[in-house]
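See below for the structure under consideration.
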Amino acid sequence: MKLFRTLVKTPLAILLAACALLLPALISSRIEQHVFRKQAELLLSQLQSLELRKTSWQEAQTQLTRWGANRHFGKCDQHECSVQIVLTESVFGFLISQNIFVKLDDYFRWRLKLSYDEGPFVRMEQEMLDAYLRTGGHPARIIANIDMRDGTVWSKGFSLRIETYGHPIYWSGNCQLEFGLFADARTVPEFPCDPCDLFYPQLAIHPTYRIGRPGGCTICVKGWTEFTPYADPADVKRLMQLNLSCLTQWRPCTTQAEIMPAAWSQYLAELPPSLHPQ
């Protein structure tokens, strides 16, 4: 009888110990995600406030000073300058680095003279990532770009990538899987096509911007918007509206309509019904 009680108590003790270790980690992760979301919302609002061909570079610089070490300047002179701001959530940063799991696989591959593309430690990392995503984790990275020409903001862009989990679209079949959800809003100098309505019918309706998705996106879902420096500021602001609650909500976002609702609603409205994505 005493042995039976011991056998029952041991797994229970292990389970309680595991919960005691995991719970603080999950709470800490949720707090960090909310802090990251607040930073992302501030950065996006700053970019939305910069009007192309109107906002001075000095004013833009004043707004962006707070990002400190996250800023990376390109080649700058009195006529042209560019700055990139990168925000990386810690789990995403770990995944894209030469982390301990990758190093362990490399070491044993070398030490034991093994041959494999994906080793046991990287597979372990993938299983841990799947568990993290299933419990509400959202590894993410944001890249913002601002360019100056002759003292004025001339282009801007905001790119968001979230590693998510679910049943995205038709290509996933009946499986739920991990994949990248992308949203990208950026300035382009012009649309190189003549006549535009032949290649991009949207430009016949609104010649200074367009909305779309890539023709091929391997294990990912992506939507993008492009606009010229001459687009109406109200259009630009609408096209740059992103749903950053996808960075923290328990139910993961899996579609363009969720991550970029305003732009994608317009994209579907302008798309012939026969071409609507499944």
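Annotation: extensible slack from ASP235 through ARG134 equals 32.7 nm (criterion: 0.36 nm per residue apart, minus Cα-Cα distance).
For segment 249-266, 3J(HN,Hα) computed residue by residue from phi via the Karplus equation (6.51, -1.76, 1.60; θ = phi - 60°) reads 5, 5, 7, x, 6, 9, 10, 5, 5, 7, 7, 9, x, 5, 5, 6, 4, 5 Hz, glycine and proline entered as x.
A simple spin-label model places the labels of THR208 and VAL35 4.0 nm from each other, with each point 7 Å out along Cα-to-Cβ. Over 18 Å between Cα atoms: which of LYS54/LYS75; LYS156/LYS237; LYS38/LYS75 fall into that group? Among LYS54/LYS75; LYS156/LYS237; LYS38/LYS75, the Cα-Cα distance tops 18 Å for LYS54/LYS75; LYS38/LYS75. For GLU80, the residues 5 or more places off, or on other chains, whose built amide H falls under 5 Å of its own are ASP150. Computed from phi, the 3J(HN,Hα) profile of segment 137-154 under the Karplus parametrisation 6.51, -1.76, 1.60 (θ = phi - 60°) reads x, 9, x, 8, 9, 10, 10, 10, 10, 9, 10, 10, 9, 6, x, 10, 5, 10 Hz, with x in place of Gly and Pro. Residue by residue, segment 182-190 carries 3J(HN,Hα) couplings of 10, 9, 9, 10, 8, 8, 10, x, 6 Hz when phi is fed to the Karplus relation 6.51 cos²θ - 1.76 cosθ + 1.60 (θ = phi - 60°); x denotes Gly or Pro. You can think of it this way: the chain between GLU80 and SER45 has 10.2 nm of extra reach, that is 0.36 nm per residue less the Cα-Cα gap. What is the sum of charges around HIS34, taking Lys and Arg as +1, Asp and Glu as -1, for the other residues whose C-beta is under 13 Å from the C-beta of HIS34? So the environment of HIS34 carries a net charge of 0.
Pair-distance distribution of segment 201-277: all C-alpha pairs, bin width 10 Å, starting at 0; shares per bin in whole percent are 17, 48, 30, 5, 0. Quick one: net charge of TRP250's neighbours, Cβ under 11 Å, K/R +1, D/E -1? Net charge in that neighbourhood comes out at +3.
No value in this document is a laboratory result; all are computed from the given coordinates. Nothing here was measured: the structure is a model prediction, and the numbers come from that model. As a convention, Cβ positions derive from the backbone with ideal geometry for all residues, glycine included, and neighbour counts pool all protein chains shown.
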